Every structure is written in structure tokens, then in C-alpha cells.
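Each reported figure results from applying straightforward, stated rules to the coordinates on display, with no laboratory input. These numbers come from a predicted model, not from an experiment. All Cβ positions, glycine included, derive from the backbone under ideal geometry; neighbour counts span all protein chains shown.
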Amino acid sequence: MFIAAFLSVLGLGLLAWIIVTLTVYALPAAVGVGAGLLAYKTGAGATGASLVAIFVGGLTLGVGQRLFEATRSPALRGLLASVYAAPAAFTAYHAVLTITEMTSPSEIWRQVFALAGAVAIGAVAWNKVAGSVHS
């Protein structure tokens, strides 16, 4: 019983670490998956859709990084960082909500934890994006 509890906590910790580490890539991943699904639905097949998804996701990441490097205005940099952090916060909200559905009987507390997770992950993503380019 203690081993199961320890492994559960370890697994949740690993999941949280993965979510925090990958937050910067939430927008490129979402755009890439969307493009891949569109390509698949229009007849590109699984291989073609995968290549489209990888290309468009990488392009989204690269364009965002170049825009951030080229922009000197703190307001525009903040806006660009927010565009990249918003999908991370959205994803974190749903991830935490799903995890707390298994552990908390109270809907209010599930929402509180989900919102806190969204704010925390969104802030980490914003800091990662905003701090990723040193000018």
C-alpha cells in the first residue's frame, strides 16, 4: 500500500514536471496538430499529415522566436509571450481538473486547484518565453 502511494505521488510529480517543461511548446504543438488534422481530413494520409504537423509546429515555434528576437517593445514582447502562454494555461487547467476529478469529491476545490494550476503553469510558460531570448 505504501509503495502504491509513493509511486502515485511520484507519477503525479513526474506528470507535473513534464507539463511545466513542455509549456513553451503548447502553442506550436496545438497549431501543428490542427494543421496535421486538417491535412489528414483533406486526404494527405497519416504520413503526410504527420509531416505537415511537424513542419507547421516547427514553423510556428521558429516564427515566434524570430518575432520575439526582432521586437524591442516590452509591450509587444509581453503580448507575444502571452500568446504562447495562453495555450499552456488552458492545457494546465484541464490537466489539473482531470487529475483532481480522481482525488477530490468537491467541485469547488477541483475548480480552485485547476485555476491555481492554470495560473502557475501560465506564469511559468510566460517567464520561459519572455526569458528565452536575451537582448
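Values for this structure:
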{"read-out": "Magnitude of the charge dipole, segment 18-131, Cβ model with Lys/Arg +1 and Asp/Glu -1, debye to 20", "value": "300"}
{"read-out": "Listed residues 37, 80, 27, most fluctuating in the chain (Gaussian network, C-alpha, under 10 Å)", "value": "37"}
{"read-out": "Cα centroid separation, segment 1-30 to segment 74-135 (Å)", "value": "14"}
{"read-out": "Cleavage-rule hits (trypsin sites (Lys or Arg not before Pro)) in segment 28-135: DSSP loop, at most 13 neighbouring Cβ within 10 angstrom", "value": "72"}
{"read-out": "Ellipsoid equivalent to segment 18-131 - semi-axes via the Cα gyration tensor, in Å", "value": "28, 23, 9"}
